[in-house]
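Visitor: Quick one: structure below, then a few questions.
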Amino acid sequence: MCPERDLYAHGVLHDGPAPELLTKRSLVTVSHAIERSALATAEDGPLVVIALFQRMPYFLREQARYTRIAAGAAVTVVGLVAPAPPELPPGGYGVALDETEELAREWSVVALTPRFGASLVARDRREVVAAGTLEEGRLFSGRWGFRRDEALHEVIRLRAQLGDRLPPAALTAIDQVLRRVWDLPATPGESRAEAALRLMAERVDRSGPGRVAEEVPAPSPLVDEPTLRRWTGMDGVTAAGTLPVALIGVRVSEPAGTAERFGRRSTAREAQAVIAALTAPLRPLDRAIRLAPDEYLLVLPALTREEALAVAAQVHASVAGLARSYPFVSFAVHTAVTVTDRRPMPVAEVRHAVEWAAREGVPMATVAREAVASAAPR
């Protein structure tokens, strides 16, 4: 008898708690707790662990831990978007996901034995809140808990969705655990243990969306290159294909000889006014960097192309408004806009597009994925 059909027939599966907003930092905290439980020594029967990591760089950071988990579990399955499955030791099975399928946006870790269960299931919202880094602030909608029957539900679901990509040995091992789970009741008192774990998680992890505003200070209008690298994850772990980020390159030029005609001090005041105008449309989670005396880059996570073009238009209007305070200086503004999920981000292509726009006299250009600049619709 198919254990999946048998379990559904007996009504074991539960809807589980309502989804909640979780930051990436929260997910990592809970994931590590579940993985630690999978590594603990316990005489509670065979163990199944299934994890979805979205992209290879996220798994590589945890590969050593999953090698240890696979050594002690009856079966370990790891799924992520990649041309080929991740390599795992005997007892471990990698699954390559297509970037267009639903599981590609899922960050999940499930551990199940006949007596124990823990699960984290979250879907990437492709949104972000203000946090120390872009990765930490990524938002997911999901739920987690340390209840066996909820973990059972997720193992059955993931077995069904991954089953045609798993070898018979893996499916047999999973089914053997499911049969053992069905034979035993869940451990009483799970809700008490979970309540304590949730309290500890809340106190350890202070990155919840409801608390971000009061705990993450507003960024400076302008950051330096090392700060931008840390924030975008270039010095840590990040991956392409997850969070879309809008890049707006800006060049602000003024007539030659301005410093000689109006004085260096006046020029410095004008430069500060330009920076204020450029950063005025930014949200608390956005960043800006000065790449050259007359060139800037605005980095705005989780914007659509239309929204990014609207911000660029605001930049044009904001800089044009400086004429009211500096009537004798005419600023020429050129921008280039793209939205990308590439990592590293295509900064060089955006700078090239800004140069092209300034040379051709195009106020606003767009950068396609092929890095071809074209006049933006007006």
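Visitor: Taking the stretch 54-89 on its own, how many of its residues are surrounded by 19 or more Cβ atoms within 10 Å (Cβ to Cβ), closer than 24 Å to GLU135 by Cα and of a type in the set (Gly, Ala, Ser)?
Guide: Qualifying residue count, the stretch 54-89: 1.
Visitor: When the stretch 136-152 is examined, which residues are found to be at pLDDT below 95 and more than 18 Å from GLU20 (Cα to Cα)?
Guide: Answer for the stretch 136-152, where residues must be at pLDDT below 95 and more than 18 Å from GLU20 (Cα to Cα): ARG148, ASP149.
Visitor: A further question on this structure: So which helices (runs of 4 or more DSSP H) are wholly in the stretch 91-208 and hold at least 2 residues that are within 22 Å of LYS24 (Cα to Cα) and without any contact (Cβ under 8 Å) to a residue 40 or more places away in the chain?
Guide: 190-204
Visitor: Let me ask something else about it. Hey, could you check the stretch 16-47 for residues that are within 26 Å of the chain's Cα centre (by Cα) and in a loop (DSSP other than H, G, I, E, B) and say which is modelled with the highest pLDDT?
Guide: Result: PRO19.
Visitor: Looking at the stretch 332-349, which of its residues are surrounded by 20 or more Cβ atoms within 10 Å (Cβ to Cβ) and under 25 Å from GLU270 (Cα atoms)?
Guide: Scanning the stretch 332-349 gives VAL333, HIS334, THR335, ALA336, VAL337.
The values are calculated or read from the model by the stated rules, or taken from the named source; none is laboratory data. As the structure is a prediction and not an experimental result, all values here were calculated from the model. Quick reminder, even Gly has a Cβ in these numbers, built from the backbone with ideal geometry, and neighbours come from all protein chains shown.
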